[in-house]
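One structure is given below, encoded as structure tokens.
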Amino acid sequence: MADVGPVPVGDLEVADRIAKAVRRGRAADRRPTLEQLLAAFGEEQPTTEARRRVARALALAGVATTPDLLEAPPGQRVALEVRGPRKRHALLLGILALAALLGAAAALATTLDTSSTETGANLPAGTTTSATTTTTKPATTTQASKTTPQGPSAAERRRERRAREKRARAKRARERAAAARAAARRRVTVRLTASQPTFLCVDGDGRRLFNGTLSGSRTFRAREVRMNVGLGPTTRVTANGRVVPLTSSPVGIALTPKGQTVLPRGTRPCA
């Protein structure tokens, strides 16, 4: 929370502009970084004194900060919120009080100059008096930078959008590759190579995949491949790269990614 203390007119004007920008509802104005907020008041470093100065001006303008400016770490974005119109009255009262203080200082300086002149006039003749010079230092108001915290530029928004799209494409590619690997683990790839022409009937996942004479090589893929081979010993069979020996003719066998099962007569395809 901001402590109570004098606030220059320039700081009050900057705080008032920030309050108006927050009311307009722009996201960049409502969430500046700590450094952007301090720069609006002409502060280059986030020192404790600089934070107190900005916090006092914002408090008079009715602008609340989350987190508190004295606690926000460098680079932190600060959420700004205007809490009620009554803060506007406090801002005007602060300006009027400062103007009254400056008027009182000027009146005091005038009184001191008049008293000095009257004292010299009342001294006896021949008496030398040293002129007393009263210098009234004009009130100095710090004109803060008029820079309003800005949001990302159009080029930065385009770069961020392209980066998001690239990440989304990479994620979809990884998901497709993972799905393909999972599907491959659920299927068995069976390759048959016949050194002599042989009868062959193959079913895969309840569908007929082949029924005829095999001469050469054929490949079948399914969750379960069921085969009826006429000449077993002259036909080379591999399941996912592993050799499956056939020792009899004819022979029936069911192959899955987990293993193999010999099919008795009457349960083989095309039997």
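Condition check ((1) touching a residue at least 24 places away in the same chain (Cβ under 8 Å); (2) among the basic types (Lys, Arg)) across all residues:
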{"residue": "ARG169", "(1), (2)": "no, yes"}
{"residue": "GLU175", "(1), (2)": "no, no"}
{"residue": "ALA180", "(1), (2)": "no, no"}
{"residue": "ALA194", "(1), (2)": "yes, no"}
{"residue": "ASP205", "(1), (2)": "no, no"}
{"residue": "GLY232", "(1), (2)": "no, no"}
{"residue": "VAL237", "(1), (2)": "yes, no"}
{"residue": "LYS258", "(1), (2)": "no, yes"}
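For the range 18-53, the set of residues classified as touching a residue at least 40 places away in the same chain (Cβ under 8 Å), over 25 Å from the mean Cα position of the chain (by Cα) and surrounded by 16 or more Cβ atoms within 10 Å (Cβ to Cβ) consists of ALA19, PHE41, GLY42, ARG53, listed by residue number. For ARG157, are the conditions met, namely being among the charged types (D, E, K, R), over 19 Å from ALA254 (Cα atoms) and modelled with pLDDT under 95? Here the answer is yes, as ARG157 does meet what is asked. The listed residues are ARG181, ARG172, and the only one of them that is modelled with pLDDT under 95, in a helix (DSSP H, G or I) and not polar (S, T, N, Q) turns out to be ARG181.
The values are calculated or read from the model by the stated rules, or taken from the named source; none is laboratory data. Everything numeric here is computed off the predicted structure, so don't read it as measured data. No Cβ is skipped: glycine too gets one built from the backbone with ideal geometry, and neighbour counts run over all protein chains shown.
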